[in-house]
Structures are given as C-alpha cells and as structure tokens.
Amino acid sequence: MSFKPSAFRVLLTALFISLLALSVAAQDAEEEATEEYSYLNPMGRVPELWTDEQTDCAAAGVAREGPWTIGVSNFSLGNSWRVQMIAELEAAAAGNPDIEELIITNADGNVAKQISDIDDLIARGVDAILITPGSPEGIAPSVEDAYNAGIVTIVFNDFVDTDQFHSILWADQFKFGYIGGAWLREQLGGQGNIVILEGIAGMGVSDLRSEGAIAGLGEGINILARQPAGWDYAQGKAAMEDFIAAYPGQIDGVYSQGGAMSQGAIDAFLAAGLDPVPVPGEGYNGFLKYWAANLENGFSSIGPDEPTWQSVAALEVAIDCLNGETVAKWTELEHPLITDENVHEYVRFDCPDGVWSNTLMSPEAITEMYDCEGTGEATEEASS
Amino acid sequence: MTAKSVQSSARRALLQLSLPPAAIIWIAVGLLLLLARSVSASFWELSHLLNVARQASALGILAIGQTYVLITGGIDLSNAMVVTLVNVVAATLLRGSDETLGGTLLICLGIGLLTGLANGLLITRLKVPPLVVTLGMFSILRGAAYVYTDGAPRGDISPALEFVGTGFVGPIPTAVIFWVVLTALAAVALQKTVFGRQLYAVGGNEKASRLSGVPADRVIVLAYVVSGLMAAIAGLILSGYAGTGTLTLGDGRNLDSIAAAVVGGTSLSGGSGSVIGSAGGALFLALLFSFLRFIGLPYTIQLMVQGLILAVAVYLHVRSQRAS
Amino acid sequence: MSEPFLEMRNIVKTYPGVRAVDNVTLSVGRGEIRALVGENGAGKSTLIKILAGAEQADAGEIWLGGQRVRYDSPVEALRLGIGAIYQEFNLVPQLNVAQNIMLGQVPKKWGGQVDTEAMHRRAREMLARLNVSLDTRRLVADLDVAQQQVVEIAKGLARDLRVFIMDEPTAALSAVETEHLLDVVRALKQQGVAIIYITHRMREIFQIADSVTILKDGRHVETSPARSLTSDAIVAKMIGRDLTDYYPPRGTPASEVLFSVRDLNVAGKLFDINLDVRRGEILGIAGLEGQGQRELARIMFGALPYDRGTFLRNGQPIRLSSPSDAIRAGIAYVSDDRKRDGLVLIRSANENIALPSLSRRTNGKILIDEKTERSFVHHLIDRLAIKVTHRSQKVNNLSGGNQQKIVVGKWLGMEPQILIVSEPTRGIDVGSKSEIHHILRDLANQGVGIVMVSSELPEILGMSDRILVMAEGRIVAEMDGATATEEQLMAAAAIHSVSDTSVPVTS
Amino acid sequence: MSSSVTTLTQQPFSVRSVTRLLGRIGPAYYALLILLIVAAASQERFLTGPNLTNLIRNSTVLGIVTIGQIATMLVAGIDLSVGSVISLTTVIAALQMESHPEATPGIVLLCLLIGLLIGAVNGFGVGYLRLNPLIFTLASGTAIQGLTLHLLYSPGGSVTREFRELSRGAIGPFDCSFCPGGTLGPIPYAAIYLLVLYVVGTWVLKRTVFGLAVYAVGGNEASARLSGLRTERIKLAVYILSSIFAVLGGLFLASRIGSGDPLVGDPYTLDSITAGVLGGTSLFGGVGDLWGGLAAVLTLGVLSTMLNFNNVSPFYQFIIKGVILIGALAIGYLRTRRKTV
C-alpha cells in the first residue's frame, strides 16, 4: 500500500473530529425539535394547529358541478393495509356516478416522488385531491400548492405541517401506541421487563407509536431492547427469537406496533416452547385468528385499529366539499378498539392473514379481494 | 536495515500462513462466536444457535445462486423479488392445504427457472450488463407480484411447507438441512463437474474459454438459472417460515446475498469463489445481525457497526488475496 | 559511457515462493545502450518494474547521478526521469492517440484545461521522430497491434527520459518499423539517455547494444561489452547450457490432405484464400505484420466470421461457425495473445490444461474423474516439461514460456488432428522457444497437421515443411521450407506491399 | 450539447463521423424523444409551462446526484452510499437550520464539508485500500444510514423560509417576441442549477486534465498508473465529488421538502445508477458522459408523469419501468451490434 501518512491523514483526522462535534450539536437540536407539540389529551398528541374550524367550500370557491375527476396521491403500497385502504376507496368511488375518473398515484415510499405525483395531479387538472402524506413537513408545500390551485384538498392518514387544506382526517398514532402501552402496563401490574418491536426506523408513524407506548407504559416498566421489524412477520419473529435467548426468562411482555409482528412474536415464544407473554396487536387478521382461537387458553390482547376505511371517509368529505357544503376542517378518527370481548366480531377465520378487519367493504367484497373461502361461490371456485 | 528485515521476514511468515479465502470467513465465524460467548453465555444455548442457523439458511441458499452468478463475473439483483413472487404465488395456490403441493412446487420452481433463463438470455444474447438486466427484472417481477395479487396477498402456506420453514428433524431445523444439502450439492457441482470447471473458466476469461470450446453462453445462462432456482427454493422456505403471503418477504435479500458471498471470499470480478465460503458468509451475517440485537444495541448503532464490520471483512479478504 | 549514471545495488525482490530478483547489481552510463537478456522468469521484468517504480524492492538501493533515490510509484520514477515502455501495451483503448501519448503530462491551459492543440502537436512530433504518420485523433481501440506498439514507444519518447527502459519494443513490429525504432534508440543514445533494452532477438542486440547484462534465475550472470560476445555465447549463458539443435530436424509429411480452405473471402481483409494442410506437415504462413495471417488462423478455428468460402475436412465440407465446430472437427488453435485468448490466468495450471477436453474425458458421466484427470495433467506437465511447483499453481504466477507450454498442452488432451498456432514463440525466451519448437515437430511427426503463422522469419524457415507467404490478404507465394531463404521470403512478402512500405503503420 | 460528446475524438466532419456520433449517443436520448412525443400526443396538458417546470424541479435532485454517480462509474466504480448521504444532508440541514436559522450559509458549508469527509472515506477505501466499490460503499452507506437515524429518528426539523425559496423560486417571465403570448414562461432556479452543474461538470470531464485522467483511470487503470497518474488520488477525488454532489442534491431536496427525513434519500441510489446506465455510461468505466445522464433523468421524470397522467396502475408501472430499463440498453446494443468473437 503506497499511502503516505502526510497532510492527507492529518486533514482526514481533523475532518472526522469536526464531524463528531457537529453530530453532537445536531443532537441537541433534535431534542429541541420535539417541543412543538402540546398534549391536549392525556393519551394523544395533536398538532398545535388543531382547531374546531370549519371550511365553507362554497365560499372558498372550490365547489363545482360533477362529474368529477378525483386524484389520489398515495404514499406507498408497501403492505396489505395500504392496499386495502386504496381498494376501499376504489370500491366506494366505483359506486358513485358523479365520479368520472379516479386517478391513483403511488409514490412507492418516496417523498420526492410524492411531491412529483401531486404536481402531476394538479397539472392534470383534477377537481379534488386526496393525499396521504409521506412526511408531515415534506408534503406540506405540495398540499399548499394544491390548495392554492383551487382544488379541493383533503389530507388523511397522517397530519401535515400546514393549515392550507380543506379538511384533514387523522388518527393519532401516539394514541395508538399509548393504548397498547397502557394495556401492557395493566397486564404487568405496573412493573416488569418488556421489549419493543417497532415498525420502520425513520418513519414518523413508527416513532409516534413507540413514543405513545412508552408514555402509556409509565415509569415502573423496564425496556430491555427496541428493534425495528418493519411490521413484518419474519423480521418480528427473528428479532423475538434473539430476545428470548438474550433475556432468558426475563421478558414479561412485548410491545408490538402491530401488523404481522405481533403474531411473529407469539410464534417465537411458542417455537421456544414457552407460553406467550402479553402482546398487543392490531386488526390484522392473522393475529386476530390466533387471538380468537386461543381466548379459551387464557390468551388476552388488545388491538387499537387504524381504520382502512379512512380513505372512504376522506372521499366523502371531498364530495361534500365539491358539492359546496361546509365540512369540518379537522377530524380526528378514533382507533376502534378490538378487545377480548369483541374479537370474534372482527376475525375472519376463512380469510388469509393479510385482511384488515376494520373495514367498510362488504364481507363479500373482502372475500373477493382476498379470495377467502367464506362464501359458497368462493369455495367452489377454489376447488375448481 | 535490521528493523526492515525483521519486518519483511515477519511479512513473509504471514504470507506463508495465507489461507484460502473460504477459510477466513469460517475463522471469523468462530471468532464472532467466541466474542458472543464472552459477552453472554446464553448466546451459546443450542436452541438459539439453531435459530440463528435457521435464520441463515434462506440467506445461505440465496447466496449459493449468487455465488454461481458472481463467479461468471455477473450479479443477480432479481433474486429478492423471486422470493416475494414465489411467496405470494405459493400462498395463493396452496390455500393452506397440502393438496396442491406438488403442482405449486413445480410452478414456484418454474418461476425461478424462467427468471434465471430470461436473465441469462438477455445478458448473453443482447449483451445488456447483468446489473441492469437483473435490476430491470427485479422491477418486472415486483410488478408481476402486485398484478398477480392485486396488492392483496391471498391464501396461506400449507403444513408441509411450514414444516420446511419452521420444523425440526431431530434437533436440527428442517431449513438448515435443506441449506446444508444444497450447499453440499452446489459445492460438488462447482468443484467436480464439467459445468463447475467451465463456470470458473468463463468467469476468469470468457474469451479464452470460448476459444477452448466452452459453450460460454450456455454456462452463463445456467448460472442464472441456478440462481433463480435457489431463489425459488429460498422463497419456499421463507414462505414456510412466514406462513402466509406478503409482498415484502424478499426485501433487501439481494444485497444481503451479495454481501454473504463477498465476505465469504467470492470476488465480484469473477473467476473465483466458493459456496462453502458463501455458506460461512451467510452464517457470519446471520450471527452478526443476531448478536447485535442480542446485546441490545440501538438499531442506529447496529447499522453503523454492520457497515464497519462489512468493510473490515472485505478489507481482510483483499489483504489475503493480495498476499497469495 | 564514462562513469555510471544509473546504479541498482543489491536489489532483492521475493514473491510468495519465488525469489524473483536475487541481489542484482547493475549500472548504466549516460548514452549507453544496455541489452538486458535472460530467459522468461530470469527476473528481467521484475527488475525493470522496480526501476520504473511499479514494484517495490524488498532490499537494495537505486542511485541516480551519484545520489541515492527512493520512490515507490511510477509517478515519482517519472519525475526523476526514469520511465519504461512495456511488453503488454499500457494504453487506454477509449482515449485517442494523442491523449495516450501525452497521458500523465498533458499540457495545460488556464483552469486545469487540456491544451488540446499543444497535446496533438507534441504527439505528432513524437510520431514524426519514429518516422510514422498516424492520425493522433484516432482511438487507440481502433488501432492494430503494430500501431499500438508505435504509440507506446511514442509515449516513452514524449517524456524526455534520462533512463529509458524498453521491454521488447519490436516484438510486434515489422522489419521496416524495427529499423526506424533502432534509429530512434541510437538518437536517444546521442542525447545521453541511459537505455535499458530488453529483447529476445539476438540480431538487435548486436545492432545497437553497447553492453549486455545476462540474468538467470533472478541472479546476475555477466555484464560484458556486446562486441566481446557472440550470439551462441549469450544463449549458452542465458540457459546455462549449449543450445545445439536450434531447430529440430524436419520430418516426412504424408501426402494425405487433412484440411482444406477453398475460396475464402472477407471483405477488405482476405481474398481468395486456398490452402491444404497435410498429415504430418508444418505449414508455415509468413508475411509482414498485419497482412491477414492472424485473421486467417482465427477463421480456420471458427472464431471469426467470414463472407464466403468452404472448408473441407478429409474432403468433406464442414461448418466452422464457432470454436466448438472446429474442436469437433479435431482442430485446435494457439492464439498469438496467450493472456487474452489462451489462458484463464487466475485459475490453476490443472484447470487450464484440462479445460478443452473436459467433456471428452467425463464421457457423459456427471462427475469429473479426478484420478484420470490428475494422471493426464501430470503426464502433460512431464511431457512438455512445464515448470510448476504444483499443478494447482495459478497460471499468472508462471513465466511466459511455461504459460505458452500450457496453452499448447491444453490442446493435446483432445488429440487434435490439426493444430493452428499463431506466433507460437512470441515474447518467450530462447530455451522455451526451442522446447516449443520440439513439441510442434513431435506432434507433426505423430501425424498432426500444423499450421504455423509467424512473423519471425528464422522460425518460419527453421520449422516449416512448406511455406505460404501472405501479403495484403492474399497468398502470394508458396515455397519449400527446406530450400527457401530469407531473401526469397522477404521479396515475396514485399512485392505486394509496394504502396506504402515506408510508413506501413498508417494503413 | 452534442459537441461535447465529440471533443474526445474531434474527428473532421464526414459521413463516417456523423454515423459514428449517432452510434455513440446513449439510448436515453432516443427514449426521451420518443416519450416526449408520446406524452405530448396523449395529454394536451403535458406541454404546459407549469408542468414542464414541475418536471424539471422534480428531476433536479436525481439530476444532481447522477453527475457524481456517473463520475464514479467512469472510473469503473459505483457509489451505493449516495442515498444515505442525501438523507443525512436533509437531516443535518433541517436540524441545524431550525436551531440556528441565521447561520444558513455556514450550515450549507458544513454539509459540504461532511460530504467531503464521507467522499474521502469512500475514496480512501476504494482508491488506496482497493476495496470493491460496490461492497465498500454499501458498507459506508449502511453506517451513514445508522448515523442519520441516530441524529433524527423520524422526519422532523425545518429549513428556513429563504432556504425553501431555493427550490421553489423562478426567474421571469421574460419578454419574447417569438413566443405565443409574447412571453417566455418563468425559468425555475432548478433549471439553472442543473444547467450550471452539467455545464461545469462536462467542462471538467471533457476539457480538463483531471477529466482526462478520470477517463484514463476508468479505461485502463494499470496503464494510467504506469503513465504516471496517481490513480488512487484520482479515485479519491471522484468519490469526494460523488458525495459532494449527493450533498448538493440533498440540500436541494431539503429545500424542497422543507425538513429532514432520515429515509428520503434511499431511492436515489439505484435511480442514479439507472440514470447513468440509461445515459450510456458503462459500468466498466471509461465510457460515458453527463448529457446522456441528464437525458436519462428527464426520461425517468417524463415517464413517471406520463404514467400518472394516463392513470396507469402503479402495479403495471413497476413492469413498464423494468422493461424500459432493459429494453433501452438492449436496443442500444442492437444498433451497434458487430459480429466478433
């Protein structure tokens, strides 16, 4: 190696030290960054912009005669929840004669692509636009652009860092986490050791759910480890296998952000020959199937559910607004709670794991979408 | 002068110790195990080690195919999406029962085979660089998985496949048995068959191989077919592990399989490599991921350490190759 | 030639398992042309790589103009005025002639810009010194081997070197071009440049060298004034024994025709080629560089497409559209470029030797029978006297001569009926050369028909039973190998090249 | 534009040189032309000022990053860390500007400095230690992703208002007697950045000694070294450039999204390689130029917009993109096919 330990190395070292110093400085800034929220609700965390304001769409001049072209900027189709959410929207739009065209774009998890998608929808001249922001801050300018272009602008699925839209429908992810965390605290009697399975590192939803859960867990509970597992069964199970080995006999509970991870965590305990510890879940059918089937064995859980039909709710608000009605500017969607008592109402034993139970789609439509075996025709189709 | 001669004789001594690349990674696996043991004795629990081995098995099987392709001087980025496509197809066709198992297996292996065939033909006939072909194929397969399922994976994996993914034969996880058997077969094919010899020759010098009568195109196509088939098998095993169809099952596994092969001593410039080394590479990565989770490092630090160790592993290989 | 200008003192360089240069001391004066000779593997290449900064010695010192100098890269060597042109051309195919000639010392304008005009001007000057006119805007990728060699030499000239190392600069050049080069070397000598000149061609040594240094097995054997030596003496000292039978005795070819080419044409390259290869003969194909000989050899092996023509094997027409077709017909081919076309350098001797005959030996079975293979490879290694520490040794660690033997050897496993060899002894040492010649003659005596393309006249004359002379893509003469003379050959080869004999590289 | 393609050879004008030039134009130019025609024909709203402005703004980040990626490809390398560097840049810019809004120029410098450092590490590993660039930059990218998440675990922070204007602003509209309506629409800053960077980048690659060295190292590294080029140092410089361009792209992106996002850069890694390859740059080094890369970047942008305009299902979009990637290069091969063994 013909490398000279000259000025070059000195420069490198100096640069490296300066980077370290800067990263420390950046961390300070991060801690300040979280201060912009206020706690309006002991369980929730709502943007401070939140008001009871109404939007008078007629006065805003965005109302127009049908038939309409409605654009949807969807952030991602990365899991069955998001696919079902879009499927519900398509089903609802298909039944509405006033909707001429529904243009759905998919940013494939890429904020920059979503900005470009929204630009395209505005340029295409849609009458209303439904946006699931991939980033509250990053998408805000695009939301403003749509709003300023005189397009009915409806945001749902996440909040957005602006007030220039006609309506927002939003389910508090902090609250989602808080519910699971508080339930777990109750199960453990306020103390014990847990591990946390998070969604995807770097995603706002994932971070908020964890923060909410930690708030809900309270002081007495010791968090042994946190690991992102992408709401994915295989990743969740693999992480749990490691934790079971790393903390033998010490894990009293698991906080899982839901998706298929909860089921993966339970299966890891079962595979190790252990009884599952308390794990909260979500309205993911795979988890519900295990839960409902093991209720009699004493298994208990809780499932705050992010509704897949919020897209339909957003579409309804958009239609109201296009018709010139006055709509609520801010709507918080409650997480319907799945409990030991009502889990049987949600579970679909005849359907695959990917189904999301909290749906406005008819059981038949779900059967068709997921090819369930529940109805007569479907079973026949399968056997043919 | 004396200091220099001491240094050079020390270097000579080191050079004489130089080991085959495949051995280095197995030594690294051993060192990692010792390190893990010193941190926590429970890492050495047999059940945990077997779990790690099972986690490694799908990656190891993917790495077999990747190794074949890398030996030709190519690369396969599409294998990750073969895993996903096989997963959703298997779940849809099986619908949770073993009745259609035979046909499903054939179709899934067919997907792997056809993908490999398409990759290989595009690379050899149209001379499109392997990175581009397999990247494009990745996108096409992804679209196919979405179109096939309409975005909503249907059906369920059957008991027989679940046994492959999660079951045990005696104390050994079934998946590990598949991995070991496939690795052994692939190693024998590489070292002891005409095809294996031709694979190394084509990767080392394609032109000279053609001029020696080696059907280079056919050999390259076959390497991609092997990679496609291995991806299909890994997809079936992972399906058994996940129990259901998901559109994310293959995510990131292409780069992981390349990393496993490369830290196992396979060169990205073609002509050298071994499946035994790649098996060590897969095990090393699985152990590393597990160990970092095991000691409860924050995820962000885990990523930094992963990056560092990957760089060090590659550095060690380069050193050892330069020495020999 | 007064006091030493360049001195290499006690240079040692060891590679794993080989002491490539063992305590060699060498000194060259200003304006001295020093021929450096030795068999392949004698350490010449390593020694000059150390001098040029491309490799670092394990021990030893380099002195220049009375001062000790230290450097560990070609950049620093060039800065001291020490530079080399190499046997494997070090050109960048994607760049043009001027850019290649001036690479590393491109004239600049403001802002780090390339002064394109100055660059082309200077490149043209260098080519003019070599008496060559070549468009400096052509891409090197589009040049033929001789033109590339000229560019490589011009690149060395452009550097105003004080120590100029030339590693077989004439290997790819025609006789005329060689003369020009030797003139340039003499001119450099006049300017006081110290020149180290490596060659396997004895004639050139006596044409230009002041003194000769002979290396053997990494050690210094002797340095003497050129005029005190004879060709035989040099050869004897290089190989450590007398080389009595320089060329093996000719055999008695049969009249049976094994292979024929009829009316072969390639637009712009080959015209109406007809030839027959007979059992047991060595058919020499002679000519100046670049007259279509090598293309012909490749076409006969199915490795290049052609426009028109038929091939007859034992009188039956055969298809030759790929090397596999040729191999099936019992035809083997040893390329002029062994590193690119002949060997898988990063694999073992064993694998290289076994490669063409693999399927033949497995005979439909899946696994390679290693026992048979081992004895087959050992047999060949013994028969061809290939020097390897083990059959699993990587080929790129072997000397050129041994590599060439492997290229020939790998074809023997398939028992070829026809062997086409192109420049079979290019760039290998005298000892290996002679061995290759004996191997070829043995094969002919066993009934193999051999086609030997060579631009080395002594080789053609010494080896061939029958000689075909090519010029501008045509066969222009046929001669009896036993009686033909160098003058006859040259006359035949030059007849058709009247158009531009003075500057043939511009073709 | 095309004159820069020929500077390397500068052949006298002849039919042969024209056909040769056509043969050397990357597949991206053809793809871009065809797509533009199809897009303009299928949607009347496509060829409008605002839409074209958006197209350029949305192509800017990729356009900038691709410059650096092409440089690494020219030395037969690859840089898989650019995505993480972009994310890191948005995070540092947003966090620092939020806490020190007055120090924006300093923060920009800081980001460039960090780019320099990361590039130096990549270049040191690839150039001096001769580690395989694919694996080494994968490793450094992983580590940088970790660092980025360490600094900011979920999207947050915010850049200053003025900084946002960098990506949103435009100059004009201009008077123009030939144009319909008498004015030429506003020219977005983004177009100017792209043009300046591509012109400067092309000047460096095609006109300077450094650029020649880059092509030489990529064309034949051993010979470049023996010709007295410090190949290690050239690779170091190229990887530094790649990181710096990633930082510039990241700064533009931070301005565009107004905040920091630890995952936002991820897609640019593969996209920039795709753009480079589509633009005619060889993965084996020594062949390629920037304008082809820009054409490819615009092609990808037009493609995305066209698919959105025509309401093509996202599912089929994956397939279409894959087919176009392979198809463009396959056509490029078929056009220049020569039969040799």
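Assorted remarks:
Results for (1) within 14 Å of chain D (Cβ to nearest Cβ); (2) part of a helix (DSSP H, G or I); (3) among the aromatic types (Phe, Trp, Tyr); (4) within 24 Å of A:Asp207 (Cα to Cα), shown as yes or no for each residue.
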site: B:Ala260; (1), (2), (3), (4): yes, yes, no, no
site: B:Gly270; (1), (2), (3), (4): yes, no, no, no
site: B:Leu287; (1), (2), (3), (4): no, yes, no, no
site: B:Ser290; (1), (2), (3), (4): no, yes, no, yes
site: B:Leu303; (1), (2), (3), (4): yes, yes, no, yes
site: B:Gly307; (1), (2), (3), (4): yes, yes, no, yes
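- The residue that is nearest to A:Arg124 (Cα to Cα), among those in segment D:1-45 that are within 14 Å of chain A (Cβ to nearest Cβ) and at pLDDT below 80, is D:Arg45.
- Subset of segment D:116-142 [at pLDDT below 95, surrounded by fewer than 24 Cβ atoms within 10 Å (Cβ to Cβ) and within 20 Å of D:Arg230 (Cβ to Cβ)]: D:Tyr128, D:Leu129, D:Arg130, D:Leu131
- Matching entry among D:Leu152, D:Leu253 (being within 14 Å of chain B (Cβ to nearest Cβ), crowded, with 24+ Cβ neighbours inside 10 Å and not β-branched (Val, Ile, Thr)): D:Leu152
- Qualifying residues in segment C:262-290 (those that are among the hydrophobic types (A, V, I, L, M, F, W, C) and surrounded by fewer than 16 Cβ atoms within 10 Å (Cβ to Cβ)) - the one farthest from C:Gly251 (Cα to Cα): C:Ala267
Each row is one residue, and each column tells you yes or no for (1) open to solvent by 10 Å² or more (accessible area, probe 1.4 Å); (2) under 24 Å from C:Ala329 (Cβ atoms); (3) polar (S, T, N, Q); (4) not in a helix (DSSP H, G or I).
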{"site": "C:Thr389", "(1), (2), (3), (4)": "yes, no, yes, yes"}
{"site": "C:Val408", "(1), (2), (3), (4)": "no, yes, no, no"}
{"site": "C:Trp411", "(1), (2), (3), (4)": "no, yes, no, no"}
{"site": "C:Leu419", "(1), (2), (3), (4)": "no, yes, no, yes"}
{"site": "C:Arg441", "(1), (2), (3), (4)": "no, yes, no, no"}
{"site": "C:Met452", "(1), (2), (3), (4)": "no, yes, no, yes"}
{"site": "C:Val476", "(1), (2), (3), (4)": "yes, no, no, yes"}
{"site": "C:Ala484", "(1), (2), (3), (4)": "yes, no, no, yes"}
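- For segment C:87-105, the set of residues classified as open to solvent by less than 20 Å² (accessible area, probe 1.4 Å) and at the interface with chain D (Cβ under 7 Å from one of its Cβ atoms) consists of C:Asn90, C:Leu91, C:Val92, C:Leu95, C:Asn96, C:Gln99, C:Leu103, listed by residue number.
- Verdict on A:Ser76 being touching a Pro at 6+ places or on another chain (Cβ under 7 Å) and either under 21 Å from D:Val312 (Cβ atoms) or crowded, with 23+ Cβ neighbours inside 10 Å (or both): no
- In segment A:195-205, the residue that is farthest from A:Gly258 (Cα to Cα) out of those that are of a type in the set (Gly, Ala, Ser) and within 7 Å of chain D (Cβ to nearest Cβ) is A:Gly202.
- Out of A:Ala229, A:Ala225, A:Ala213, A:Ala239, one residue alone is within 24 Å of A:Ser76 (Cα to Cα) and open to solvent by less than 10 Å² (accessible area, probe 1.4 Å). It is A:Ala229.
- The set of residues in segment A:97-136 that are crowded, with 22+ Cβ neighbours inside 10 Å, among the acidic types (Asp, Glu) and either touching a Pro at 6+ places or on another chain (Cβ under 6 Å) or facing chain D (nearest Cβ under 7 Å) (or both) comprises A:Asp117, A:Asp119, A:Asp120.
- Flag if B:Gly170 is surrounded by fewer than 21 Cβ atoms within 10 Å (Cβ to Cβ), at pLDDT below 95 and not hydrophobic (A, V, I, L, M, F, W, C): yes
- Check on C:Glu55, more than 21 Å from C:Gln403 (Cα to Cα), acidic (Asp, Glu) and more than 14 Å from chain B (Cβ to nearest Cβ): no
- Test: C:Gln67 is out of contact with any strand residue (DSSP E or B) (no Cβ under 7 Å at 6 or more places or on another chain), open to solvent by 10 Å² or more (accessible area, probe 1.4 Å) and within 14 Å of chain B (Cβ to nearest Cβ): no
- Count of residues meeting criterion [assigned to a helix (DSSP H, G or I), touching a Phe, Trp or Tyr at 6+ places or on another chain (Cβ under 7 Å) and among the aliphatic types (A, V, I, L, M)] in segment D:110-140: 2
- Check on D:Arg164, part of a helix (DSSP H, G or I), open to solvent by 30 Å² or more (accessible area, probe 1.4 Å) and of a type in the set (D, E, K, R): yes
- Scanning segment C:22-46 for residues that are touching a residue at least 60 places away in the same chain (Cβ under 8 Å) and either closer than 18 Å to C:Leu161 by Cα or within 14 Å of chain D (Cβ to nearest Cβ) (or both) yields C:Val28, C:Gly29, C:Arg30, C:Gly31, C:Glu32, C:Ile33, C:Arg34, C:Ala35, C:Ser45.
- The lone exception for C:Thr310 - which of (1) outside any loop (DSSP other than H, G, I, E, B); (2) open to solvent by 30 Å² or more (accessible area, probe 1.4 Å); (3) more than 12 Å from chain B (Cβ to nearest Cβ); (4) under 28 Å from C:Ala146 (Cα atoms) it fails: (4)
- In segment D:183-243, counting only helices (runs of 4 or more DSSP H) that sit wholly within it, the ones holding 1 or more residues that are of a type in the set (D, E, K, R) and either at the interface with chain C (Cβ under 9 Å from one of its Cβ atoms) or at negative phi (or both) span D:189-207, D:221-226.
- Answer from C:Asp325, C:Asp382 - the residue that is outside any strand (DSSP E or B), loosely packed, with under 13 Cβ neighbours inside 10 Å, at pLDDT 90 or above and more than 8 Å from every other protein chain (Cβ to nearest Cβ): C:Asp382
- Residues that are of a type in the set (D, E, K, R), touching an Asp or Glu at 6+ places or on another chain (Cβ under 8 Å) and without any contact (Cβ under 8 Å) to a residue 60 or more places away in the chain, drawn from segment A:293-327: A:Asp305
- Here segment C:103-114 is the region considered, the condition is being outside any strand (DSSP E or B) and either in contact with a Leu (Cβ under 9 Å, 6 or more places away or on another chain) or of a type in the set (Ser, Thr, Tyr) (or both), and the residue that is nearest to C:Asp160 (Cα to Cα) is C:Gln105.
- Residue match in segment B:57-76 (condition: part of a helix (DSSP H, G or I), without any contact (Cβ under 8 Å) to a residue 24 or more places away in the chain and aliphatic (A, V, I, L, M)): no
- Of the residues D:Ser59, D:Ser99, the single one that is small (Gly, Ala, Ser), over 21 Å from the mean Cα position of the chain (by Cα) and within 12 Å of another protein chain (Cβ to nearest Cβ) is D:Ser99.
- Residue within segment C:209-223 that is part of a helix (DSSP H, G or I) and under 30 Å from C:Gly81 (Cα atoms) present: no
- Unique residue being within 24 Å of C:Leu288 (Cβ to Cβ) and surrounded by fewer than 16 Cβ atoms within 10 Å (Cβ to Cβ) when the list is C:Ala146, C:Ala128, C:Ala118: C:Ala128
The values are calculated or read from the model by the stated rules, or taken from the named source; none is laboratory data. On a predicted model such as this, the values are computed, not experimentally measured, just so you know. As a convention, Cβ positions derive from the backbone with ideal geometry for all residues, glycine included, and neighbour counts pool all protein chains shown. Note: accessible area is taken over every heavy atom of the protein model, side chains too, but ligands, DNA and RNA are not part of it. Shrake-Rupley method; radii C 1.70, N 1.55, O 1.52, S 1.80 Å.
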